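The values are calculated or read from the model by the stated rules, or taken from the named source; none is laboratory data. Model, not experiment: these values are computed from the prediction. Virtual Cβ from ideal backbone geometry, glycine too; neighbours counted across all protein chains shown.
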Amino acid sequence: MTPSLRRHVLLKQAHSVAGSQPARRIVISSQIQELWAIRNFFERQDETRRLSVRLAAVLAGSVLATALVLAGLATILTLLQVVVTTNFEVDPKYWLAVFANRFWLATFFAGPIVIGVAVQKTLPALESGDTEIARQMEGKRVQTFETETQYQQLINVVEELSIVAGAP
């Protein structure tokens, strides 16, 4: 029975019982719980968006940090090679230009490398299916005959979403 049909049946039962205040309270209480669950859904959706922005910022930061380390290391190694093997004295502005050049090269190469490593680590989990993803997220299997209110609300939401999406 779909949640909207169940709600309709409950309302009819509440109206058929004349003067039955407890039945109406149950219906109103269940509607309030469903509205609260919808509110929680949208709050969690907003929280997920904020976390996605943070994740993108962490990814960008890791690319820039990797580029800084690579550029700094390449510049220092070049400086050491010039100092040890030659008697040239080079202006510090030159080394700043070398660092900037190496930074842009490192950024160009480090971006795809960091993203590639991240994809390579997450791709096996996605290929292994929904069970592995649920395990990593510490998901709990919910049966359709659960009696707890929270699980029943979850089942109702999933059923409604599958109806809307046209999925079985």
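Here are the numbers for this structure:
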| quantity | calculated |
| --- | --- |
| Residues satisfying the stated conditions in the stretch 101-147, i.e. under 26 Å from G61 (Cβ atoms) and outside any helix (DSSP H, G or I) | M137 |
| Selected residue [out of contact with any Cys (no Cβ under 7 Å at 6 or more places or on another chain), free of Cβ contacts under 8 Å to residues at least 60 places away in the same chain and surrounded by 13 or more Cβ atoms within 10 Å (Cβ to Cβ)] from A60, A100, A74 | A74 |
| Search result, residues across the stretch 103-126 that are within 21 Å of the chain's Cα centre (by Cα) and either small (G, A, S) or surrounded by 13 or more Cβ atoms within 10 Å (Cβ to Cβ) (or both) | G111, V114, I115, G116, A118, A125 |
| Failed item in (1) of a type outside the set (A, V, I, L, M, F, W, C); (2) within 19 Å of F41 (Cβ to Cβ); (3) surrounded by fewer than 10 Cβ atoms within 10 Å (Cβ to Cβ), with G129 passing the rest | (2) |
| Which numbered condition V83 fails, given (1) exposed (fewer than 12 other Cβ atoms within 10 Å of the Cβ); (2) aliphatic (A, V, I, L, M); (3) at pLDDT below 85 | (1) |
| Filtered residues of the stretch 132-166 (kept if among the small types (G, A, S) and surrounded by 11 or more Cβ atoms within 10 Å (Cβ to Cβ)) | A134, G139, S162 |
